[in-house]
Structures are given as C-alpha cells and as structure tokens.
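Q: This is the structure I want to talk about, given as structure tokens.
The values are calculated or read from the model by the stated rules, or taken from the named source; none is laboratory data. Computed from a predicted model, the values in this text were never measured in an experiment. Every residue, glycine as well, gets a Cβ built from its backbone with ideal geometry; the counts of neighbours run over all protein chains shown. Ligands, DNA and RNA are excluded from the accessible area calculation, which covers all protein heavy atoms including side chains. Shrake-Rupley method; radii C 1.70, N 1.55, O 1.52, S 1.80 Å.
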Amino acid sequence: QVQLVESGGGLVQAGDSLRLSCEAAGRTFSSYAMGWFRQAPGKERESVAAISWSGGTIYYKDSVKGRFTISRDNAKNTVYLQMNSLQTDDTADYYCAASRVIATMNARHYDYWGQGTQVTVSS
C-alpha cells in the first residue's frame with residue numbers, strides 16, 4: 001500500500017513556474033514507477049509525465065515537452081513536477097500516481113493515486 005500526498009499547487013500568472021511535489025508513505029517507493037496526471041474542469045483526465053523507478057525512463061505529454069520536468073528522489077520518497085512557462089491551458093487539478101508495473105502514460109496501469117493539488121494559471 002502506498003499513500004500519496006501532492007503539494008505545491010497554486011494560482012500563478014501565465015509564464016510563471018511551479019514545482020509540484022508528491023510524497024509517498026511506504027517503504028517500497030523506489031520500486032514504483034510514478035506518473036503525473038491532470039484533469040481540467042469539464043475535461044477528461046490526461047497524462048502529463050511518467051518516470052520509471054530508477055528515473056532512467058521518462059515520458060511527457062507532447063504539449064508539456066520542454067516546459068515540464070519530472071524527477072524523483074527515492075531517498076525522500078518524493079516525485080516532482082517542475083512546471084515552467086505555464087499557460088492557461090495548464091489549469092487543472094494535478095494528481096500523482098504510482099504503478100507497480102511500468103512507467104507509462106496509461107492511467108490503467110497505476111495502482112495508487114493522490115488526492116490532487118490545484119493549479120490555476122491566469123492570463
């Protein structure tokens with residue numbers, strides 16, 4: 001069992017940066033692949049980024065490539081999402097998730113989910 005708690009969301013202006021954190025409670029964090037997802041009001045959930053347990057494999061949604069960076073610190077049981085050059089379209093609730101199987105952009109492979117943190121980007 002893994003409990004995930006996101007933090008770092010907030011209200012920012014377009015062009016600003018935010019760093020989201022997701023801290024995991026559990027002894028086996030380093031064995032999980034991690035992902036970040038988001039859901040905007042009235043829209044379906046979409047994957048944003050994913051990282052393997054070692055950090056050696058990383059995926060990004062096309063629209064965030066070059067702006068967002070996913071990373072992890074297994075010693076701190078934490079995965080991060082650095083978001084730069086934020087756009088109004090990035091406004092959403094952001095969720096981290098843990099997968100026992102594989103780093104993937106497919107939400108079906110994730111076993112544990114956090115409660116989310118809200119990101120609002122104003123123009």
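Q: Quick one: count up the residues across segment 1-45 that are hydroxyl-bearing (Ser, Thr, Tyr) and in contact with a Gly (Cβ under 9 Å, 6 or more places away or on another chain).
A: Start the filter on segment 1-45 by keeping residues that are hydroxyl-bearing (Ser, Thr, Tyr), which leaves 7, 17, 21, 28, 30-32.
Subset that is in contact with a Gly (Cβ under 9 Å, 6 or more places away or on another chain): 21, 32.
So the answer is 2.
Q: OK, next. For residues in segment 6-21 being open to solvent by 30 Å² or more (accessible area, probe 1.4 Å) and of a type in the set (S, T, N, Q), which is nearest to Val121 (Cα to Cα)?
A: Step by step, filter segment 6-21, then rank; the result is Gln13.
Q: So how many residues does segment 74-120 have that are in contact with a Phe, Trp or Tyr (Cβ under 7 Å, 6 or more places away or on another chain) and assigned to a strand (DSSP E or B)?
A: The total comes to 12.
Q: Just checking, which of Arg45, Arg108, Arg100 is closer than 24 Å to Asp16 by Cβ and not aliphatic (A, V, I, L, M)?
A: Numbers: Arg108 fails: closer than 24 Å to Asp16 by Cβ; Arg100 fails: closer than 24 Å to Asp16 by Cβ.
One residue alone meets the criteria, Arg45.
Q: Considering Thr69, Thr91, which residue is more than 10 Å from the chain's Cα centre (by Cα), open to solvent by 10 Å² or more (accessible area, probe 1.4 Å), at pLDDT 95 or above and polar (S, T, N, Q)?
A: On the way: Thr69 fails: more than 10 Å from the chain's Cα centre (by Cα).
Going through Thr69, Thr91 in turn, just one is more than 10 Å from the chain's Cα centre (by Cα), open to solvent by 10 Å² or more (accessible area, probe 1.4 Å), at pLDDT 95 or above and polar (S, T, N, Q): Thr91.
Q: When the residues of segment 22-59 are filtered to those that are surrounded by 17 or more Cβ atoms within 10 Å (Cβ to Cβ) and among the polar types (S, T, N, Q), which remaining residue is farthest from the chain's Cα centre (by Cα)?
A: Going through the qualifying residues, I end up with Ser52.
Q: Turning to a different aspect of this structure: Do any residues in segment 94-123 that are within 19 Å of Lys61 (Cα to Cα) have Cβ atoms under 8 Å from those of residues that are of a type in the set (Lys, Arg) and surrounded by fewer than 20 Cβ atoms within 10 Å (Cβ to Cβ), where the two are at least six apart or on different chains, and which pairs are they?
A: Final answer for the pair search is Tyr95/Arg45; Met105/Lys61; Ala107/Arg45.
Q: Can we say Ser71 is closer than 20 Å to Gln118 by Cβ and either in contact with a strand residue (DSSP E or B) (Cβ under 7 Å, 6 or more places away or on another chain) or not in a helix (DSSP H, G or I) (or both)?
A: Details: closer than 20 Å to Gln118 by Cβ: no; either in contact with a strand residue (DSSP E or B) (Cβ under 7 Å, 6 or more places away or on another chain) or not in a helix (DSSP H, G or I) (or both): yes.
So Ser71 does not fit the description; no.
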